[in-house]
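Colleague: This is the structure I want to talk about, given as C-alpha cells.
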Amino acid sequence: MTGADALRAAIPRLVAAGVPDAARDARVLLAHAMGIPPDRLTVHLTDPLASQATATFDASIAARCARQPVAQITGQRLFWGRSFRVTQDTLDPRPETETLVAAALSQPFSRVLDLGTGTGAILLSLLADRPGATGVGTDISQKALAVAQGNAAVLGLHPDFLLSDWFASVPGRFDLIVSNPPYIAADEMPTLSPDVLEWEPHLALTPGGDGLDAYRAIASGARDHLTAGGRLLVEIGPTQGAAVAALMVQGGLSNPRILPDMDGRDRCVVAALD
C-alpha cells in the first residue's frame with residue numbers, strides 16, 4: 001500500500017466522524033506517520049508505506065475520528081514560526097493568539113511575566129524574539145509547567161517557571177505582563193467542538209460563571225507587579241473587550257485599548273501603568 005492508498009481510505013473515515021477539514025488533517029497525520037514534513041508529502045505519496053508507518057497512521061486516524069486534536073496526536077503545534085510540544089495537559093496554542101505576541105513585541109521590554117503559561121508558547125516566543133529579555137511563566141498545573149520547561153529546553157531558553165495561582169507566588173515587578181487566561185463562560189462550554197470540549201483541559205478554557213474571573217484577578221493584581229510604564233496585555237473572547245478594559249481601569253491601569261486579530265475580531269486588551 002502506498003501513501004496515496006492510505007490517504008484515500010482515511011479521508012472518508014474522518015468525514016464520517018464529522019471531522020472538519022478531513023483531507024487536510026489526513027495529510028498532516030500521514031506525513032507525521034511517515035516521518036516527513038507535511039510540505040514534502042506530495043512527492044512521497046507513491047512510496048510504499050512501511051508497516052510501522054501504516055500502524056501509526058491507522059492509530060492516528062482512529063484518534064482523530066474520536067476528535068482528539070491533531071496537535072495532541074502529533075505532539076506538536078507550530079506557533080509564531082516555532083514548534084511547541086502539546087499534550088492533554090495544555091491548551092493547544094491557536095493562531096489568533098499570535099495577535100498578542102505581535103502586540104507585545106511592538107514595544108521594548110526587558111522582563112516579562114506570562115500568567116497561565118501552558119505550553120509556554122507565548123512566553124518563549126517573546127523571549128526568542130527579544131534576546132536579552134528575561135521572563136517568568138506561571139501555571140496552576142505542574143504538568144503544564146513540565147511541558148513548558150521541555151519546550152524552553154528545546155529552544156535553548158531559560159525562563160523561570162512557577163507553580164502559582166495568578167500572582168499568588170510571583171515576586172518582583174515586570175515591564176510586560178501577558179496572559180491568555182481561561183475566558184469561556186460556563187453556559188458557552190456546551191457549544192464548543194468535541195475537539196476542544198472533550199480533549200483540552202477545562203481549567204485552561206473556563207473559570208466558570210461569566211468567564212471574567214481570571215481578568216478580575218489579573219487586573220486587580222497587575223498594579224503591584226508592573227513597573228512604571230509597564231504594560232498588561234491579555235487575550236479575550238470576541239465579546240469581552242469592553243468588560244475587560246473596564247476591569248483594567250478599575251485596577252488602576254490607564255489607556256486600555258482593544259486590539260483586533262487578523263479576522264477583525266476583538267482579540268486582546270492592552271493597558272499600562274502610569
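The values are calculated or read from the model by the stated rules, or taken from the named source; none is laboratory data. Just so you know, these numbers come straight off a predicted model, no measurement behind them. Cβ sites come from the backbone with ideal geometry, for glycine too, and all protein chains shown count toward neighbours. Side chains included, ligands, DNA and RNA excluded: accessible areas come from the protein's heavy atoms. Shrake-Rupley method; radii C 1.70, N 1.55, O 1.52, S 1.80 Å.
Colleague: Could you list, in sequence order, the residues of segment 136-187 that are part of a loop (DSSP other than H, G, I, E, B) and polar (S, T, N, Q)?
Modeller: Ser141, Ser164, Ser169, Asn180
Colleague: What do you reckon, is Leu105 buried (at least 19 other Cβ atoms within 10 Å of the Cβ), modelled with pLDDT of 95 or more and of a type outside the set (Val, Ile, Thr)?
Modeller: Here the answer is no, as Leu105 does not meet what is asked.
Colleague: Consider only pairs whose beta carbons are under 9 Å apart and that are at least six residues apart or on different chains; among these, list those whose first residue lies in segment 235-262 and is farther than 16 Å from Asp210 by Cα and whose second residue is part of a loop (DSSP other than H, G, I, E, B) and open to solvent by 80 Å² or more (accessible area, probe 1.4 Å).
Modeller: So the pair list comes out as Gly251/Arg223; Gly252/Arg223; Gly252/Asp274; Leu253/Arg223; Leu253/Asp274; Ser254/Asp274; Asn255/Asp274.
Colleague: State the number of residues belonging to segment 48-69 that are in a helix (DSSP H, G or I) and either charged (D, E, K, R) or touching a Cys at 6+ places or on another chain (Cβ under 8 Å) (or both).
Modeller: Adding up the residues that qualify gives 2.
Colleague: Ok, one more. So is Glu188 in contact (Cβ under 8 Å) with a residue 40 or more places away in the chain, out of contact with any strand residue (DSSP E or B) (no Cβ under 7 Å at 6 or more places or on another chain) and acidic (Asp, Glu) or not?
Modeller: no
Colleague: Let me ask something else about it. Within the set of pairs 6+ apart or on separate chains, which have a first residue in segment 42-54 that is small (Gly, Ala, Ser), a second that is open to solvent by 50 Å² or more (accessible area, probe 1.4 Å), and C-beta atoms under 7 Å apart?
Modeller: none
Colleague: Test each condition in (1) farther than 24 Å from Gln68 by Cβ; (2) open to solvent by less than 20 Å² (accessible area, probe 1.4 Å); (3) out of contact with any Cys (no Cβ under 6 Å at 6 or more places or on another chain) for Gly118 and report the one that comes out false.
Modeller: Unmet condition: (1).
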